[in-house]
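What follows is calculated from the coordinates using simple rules that are stated; it is not laboratory data. This is a predicted model, so every value here is computed, not measured. Positions of Cβ are backbone-derived with ideal geometry, glycine not excepted, and every protein chain shown enters the neighbour counts.
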Amino acid sequence: MRWMWIDQIVDFVPNQRMAAIKNVSLAEDHLHDHLPASGSEPAVPVMPASLMIEGMAQTAGILVGSVHGFREKVILAKVVIARFDADVFPGQTIRYSAAIQRMEAAGAATSGLVERLRHDGPNAGQWEAIGQVDLMFSHLDQNMAGIEFPQENFVFSDNFRMILRSAGLERLIETSQQVNKSTGQQSVPARC
Amino acid sequence: MPQASGTVAINREKIFDDVREVLEEALGADAEDITPDATLTGDLEAESIDFLDIVFRLEKKFSTPSKPFKINQGELFPENLMENPSWVSDGKFTDAGMAMLKQRMPHVEFSEFEDDRDVNKVGELITVKSLVDFVERKLRA
């Protein structure tokens, strides 16, 4: 299993916001352990909150990384707020909407809305807000301790590139690679 | 003037309350633990990324439409201290390093640090009072 907790980027405004969706499927092994059957209680497969935090971190992390053409090593440094008011079950869709609140050389702060889409019942087809995840990211190469890291960007690996390509954002990567080799200037963001 | 000093006292009290609110939100600290002498990294268990969070929150808290409260990188907390060999030798601040710290961080009390000078302990010098002094100094500038 690959560590990808978003399926598709569905909205992107450069330097401002990004939204991604994840379809929750019973084929995912982790749902069978969360929550497992206990005594006479049957198993209740629900999407773990920790993985929804990861989904928001991937969405917001790509957004933050895109600001500087993925040249910075962007890592999740702090979960400022993580609040969930409802569960997400298999067959439902999650939407992570991240927005940049602050962007500095050392890192960035993002706010995030988590929504759920049900495909049956009275609210079928309507997005429902179910949580908030505000995060902070650190730019590793700008860390306050002055520690040096390898030149290659190990944060934005092939998995993230696959997601970007599927969203039609591959130009963002290509431009970044060209810039890295030539001028070192910031890339021109692609449209979504 | 009595009125002026009274105004200063009220303002500083308000600054302390706002700083305490920032630290409650950024560190999840209990209000009763956020005393003037409490250290950020020791008593309130702040980590390095929390410093950036605190900076963002202070800027938001004390900015007004007519006067933005902008904190430059390294202005509140020391950064990259090991980069300059004239500042640090064998893990201790040199005289030049101490002079640099005092010049860059007038909101921090260094008198008890003169004998120790351990570069790893400089973060422990920053107290809640340091933040209040920092904010008050910038607001008056």
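The slack between B:Met82 and B:Asp118, meaning 0.36 nm per residue of separation minus the straight C-alpha distance, is 11.8 nm. Inter-chain Cβ neighbour count for B:44-54, averaged per residue, equals 4 (cutoff 10 Å, partner chain atoms only). List the DSSP H helices in chain B whose Cα atoms stretch 27 Å or more along the helix axis and whose mean Kyte-Doolittle hydropathy is at least -1.0. Helix filter hits for chain B: B:2-27. Set the Cα radius of gyration of the protein assembly as shown against 2.2 N^0.38 Å, with N its number of residues, and you get 1.17. Connecting C-alpha atoms closer than 10 Å in a GNM of chain B, tell me which of B:Thr39, B:Thr127, B:Thr94 has the biggest fluctuation. Of the options given, B:Thr94 has the highest mean-square fluctuation.
What ranking do B:74-83, B:43-52 get when scored by the average of other Cβ atoms within 10 Å per residue, highest first? Before the final figure, lay out each step's value.
Working: B:74-83: 16.9, B:43-52: 18.9.
Taking the mean over residues of other Cβ atoms within 10 Å, the ranking is B:43-52, B:74-83.
Of the cross-linked pairs B:Lys60/B:Lys129; A:Lys78/B:Lys67; B:Lys60/B:Lys138; B:Lys14/B:Lys61; B:Lys67/B:Lys102, those separated by over 23 Å at the C-alpha level are A:Lys78/B:Lys67; B:Lys67/B:Lys102. A straight Cα-to-Cα reach below 15 Å connects A:Lys22 with the aspartates and glutamates A:Asp7, A:Asp11, A:Glu54, A:Asp87, A:Glu115, A:Glu128, residues fewer than 8 places away in its own chain not being considered.
Dividing the summed helix terms, -39500 (n - 2.57) for each DSSP H run of n ≥ 4, by the number of residues in chain B produces a 222 nm estimate of -15000 deg cm²/dmol to the nearest 500. Volume of the convex hull of region B:2-140 (Cα atoms only), normalised per residue: 123 Å³.
Highest-first packing order for the peptide set B:15-28, B:108-121, A:46-59 is A:46-59, B:15-28, B:108-121, based on the mean count of other beta carbon atoms within 10 Å.
Taken residue by residue and averaged, Cβ atoms of other chains lying within 10 Å of the Cβ of A:99-110 number 3. Here region A:1-50 is treated as an ellipsoid with the same Cα gyration tensor; its semi-axes, largest first and in whole Å, are 31, 11, 8. Taking a straight Cα-Cα cut-off under 20 Å and skipping sequence neighbours fewer than 8 places away in the same chain, the aspartates and glutamates within cross-link reach of B:Lys70 are A:Glu104, B:Asp17, B:Asp18, B:Glu21, B:Glu25, B:Asp50, B:Asp53, B:Glu59, B:Glu79, B:Asp133, B:Glu136.
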